[in-house]
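Where a number appears in this text, it was derived from the coordinates with a stated rule and is not lab data. All of these numbers come straight from a predicted model, not from anything done at the bench. Backbone-built Cβ (ideal geometry, glycine too); neighbour counts: all protein chains shown.
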Amino acid sequence: MANQSTLMPEIERAVDALPPLFTRLGDQLTQLFDAKLSLLRIELKEEVAIYLRGTVMIVAGAVVALIGFALLNVAMAFFISMIFDGAQIPQAVRYALGFVITAVLYLVAGALLILKAKNRIAKQGILPPKTATELERDKEWLKKQM
């Protein structure tokens, strides 16, 4: 009996100590989540900054490439106009022919790309094949169940 009487105050002290422990645990969990969210926020800001810098560089590169492509097209048009140098036509008409032929070359190349892509899309179909197969299996299974 003496053992039980000394044990009761210890249990009561332990029970009294539980609410502050739970409060401290809750506070520490809150601090942990706050720290994790702060870290996530910082990492996201860094990632956004990296992607933004990369995007700016891509846009700058695209502008430079576009200028180069335009100059290449002009050079190609002038080169084609030089083919008509031996013909007895005015210089302005030769330049016009060079630019028109260059434009026609691009129109033909673009049309071929469009037709190729259209044919590839037409072969693809709207419904994905694996999904269609699964739906057919489900349909057959439902028929067997009925």
Give, in nm to one decimal, the length gained when the segment between L105 and D27 is fully stretched (0.36 nm per residue of separation minus the Cα-Cα distance). 20.9 nm
Farthest towards the positive end of the dipole of the stretch 28-117, among N73, A96, T55 and with Cβ unit charges of +1 on Lys and Arg and -1 on Asp and Glu, lies the Cα of A96
Projecting each Cα onto the charge dipole of the chain (Lys/Arg +1, Asp/Glu -1 at the beta carbon, about the Cα centre), which of T23, I126, A109 comes out farthest on the positive side? A109
I'd like the Karplus ³J(HN,Hα) series for the stretch 14-31: coefficients 6.51, -1.76, 1.60, θ = phi - 60°, whole numbers in Hz, and an x wherever there's a Gly or Pro. 5, 5, 5, 7, 5, x, x, 5, 5, 5, 5, 4, x, 4, 5, 5, 4, 4
Cβ-Cβ FRET estimate between F84 and R53, R0 fixed at 30 Å, reported to 0.05: 0.05
From the phi angles alone, apply the Karplus equation (6.51, -1.76, 1.60; θ = phi - 60°) to the stretch 103-110 and give each ³J(HN,Hα) in whole Hz, x where the residue is Gly or Pro. 5, 5, 4, 5, 5, 5, 4, x
Would you calculate, for the chain, the mean residue ellipticity at 222 nm contributed by helices, counting each DSSP H stretch of 4 or more residues as -39,500 (n - 2.57) and dividing by all residues, to the nearest 500? -34000 deg cm²/dmol
Using the C-alpha gyration tensor of the stretch 1-104, what are the square roots of 5 times its eigenvalues, in whole angstrom, with the largest one first? 88, 9, 7
Subtract the Cα-Cα distance of K118 and E10 from 0.36 nm times their separation in residues, and report this length gain in nm to one decimal. 30.7 nm
